[in-house]
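Comments concern the structure below.
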Amino acid sequence: MGAFSFTVPFTRVAVAGGGMSPLFIGSARAVIAALLAAAALAFTGQRLPRGLQWARVAVVAGGVVVGFPVLTSFALTTAPASHGAVVIAVLPAATAVAAVLRGHERPPKSFWVMAAVGAIAAVVFAALQGGGLSGLHWSDLLLFGAVVAAAIGYAEGGLLARELGAWQTVSWALVLAAPLMIALTGFSVAEQPPSGSAVEWAAFAYLAVVSMYLGFFAWYRGLAIGPMAQVSQVQLAQPVMTICWAALLLGEQLTWPTLLGGVAVIACAATAVRTRLGRTG
């Protein structure tokens with residue numbers, strides 16, 4: 001989670017200057033990661049996924065290669081990194097829900113209640129930050145979409161990693177999504193040739209190499225070992241770290257609504273995850 005905690009602040013850095021479009025940042029980072037993945041797969045002689053595994057790899061790719069990076073890149077053109085971190089704080093509970101649905105489990109009602117409360121807390125926070133309960137911005141909708149995409153990609157990836165291996169799973173997902181991401185990158189470059197400062201390019205490089213690829217090595221390995229409900233609790237530290245990085249690196253002011261919203265969402269997510277863990281443990 002330490003590696004992923006920089007994702008939101010560095011995405012904000014990359015889009016802040018306006019020289020790189022959100023579509024370029026969301027797609028080109030996947031292209032670079034796919035080149036690394038293809039080289040690693042070829043060098044180590046990994047076997048191809050078989051049959052239905054390809055469909056599952058496509059689900060992972062849709063969630064963590066296409067969905068989350070592209071949606072957050074567009075959202076963070078206007079949303080502060082600390083705001084994004086609080087909304088994304090519902091991800092542990094969302095991952096647990098995805099794991100429950102994927103595993104056909106029957107958790108207690110308290111799990112669903114706390115997962116719902118956590119989602120409501122995130123929505124209320126986003127709305128109030130936007131100026132009222134009718135103040136949800138398009139960036140908030142994109143962030144919630146990113147949460148759903150990541151949760152599905154995490155849950156399916158954790159299960160698939162038990163069959164293919166952790167780094168192999170994310171590698172095949174990147175390779176499978178490469179044609180689409182190359183096309184999107186080409187389109188974005190034609191629309192707006194990318195430019196940026198050294199800091200912005202460094203942030204982009206981190207997103208491509210670490211957030212998009214290397215960070216998943218340990219993450220999918222942990223999810224594969226499982227149980228995923230227990231491992232997903234590690235995500236609870238991510239929004240806290242992200243909010244701190246936003247303050248230290250971007251100079252964003254930590255307001256009481258942000259802090260209280262973060263505490264509320266994280267507490268609900270933690271309760272939901274631990275409720276499920278207690279049932280299955």
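Considering A85, A89, the condition of being of a type in the set (G, A, S), in contact with a Leu (Cβ under 9 Å, 6 or more places away or on another chain) and either in contact (Cβ under 8 Å) with a residue 60 or more places away in the chain or under 30 Å from T255 (Cβ atoms) (or both) is satisfied by A89 alone. Across the stretch 10-52, the number of residues qualifying as out of contact with any helix residue (DSSP H, G or I) (no Cβ under 7 Å at 6 or more places or on another chain) and either free of Cβ contacts under 8 Å to residues at least 60 places away in the same chain or in a loop (DSSP other than H, G, I, E, B) (or both) comes to 12. In this structure, does V97 turn out to be in a helix (DSSP H, G or I), crowded, with 18+ Cβ neighbours inside 10 Å and touching a Leu at 6+ places or on another chain (Cβ under 7 Å)? No. Of all the criteria given as (1) buried (at least 24 other Cβ atoms within 10 Å of the Cβ); (2) within 19 Å of L141 (Cα to Cα), the one not satisfied by G62 is (1).
Each row is one residue, and each column tells you yes or no for (1) surrounded by fewer than 24 Cβ atoms within 10 Å (Cβ to Cβ); (2) of a type in the set (D, E); (3) modelled with pLDDT of 95 or more; (4) closer than 23 Å to A85 by Cα.
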residue	(1), (2), (3), (4)
A151	no, no, no, yes
Y154	no, no, no, yes
R162	yes, no, no, no
A183	yes, no, yes, no
A198	yes, no, no, no
W201	yes, no, yes, yes
A205	yes, no, yes, yes
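Keeping to the stretch 225-250, report how many residues are of a type in the set (A, V, I, L, M) and either at pLDDT 80 or above or not in a helix (DSSP H, G or I) (or both). The total comes to 0. Residues that are modelled with pLDDT under 80, buried (at least 24 other Cβ atoms within 10 Å of the Cβ), under 18 Å from the mean Cα position of the chain (by Cα) and within 17 Å of G158 (Cα to Cα) do not occur anywhere in the stretch 68-76.
The values are calculated or read from the model by the stated rules, or taken from the named source; none is laboratory data. Since the structure is predicted, the reported quantities are computational estimates derived from the model, not experimental observations. Heads up, the Cβs are rebuilt from the backbone with ideal geometry, glycines too, and the neighbour counts pull from every protein chain shown.
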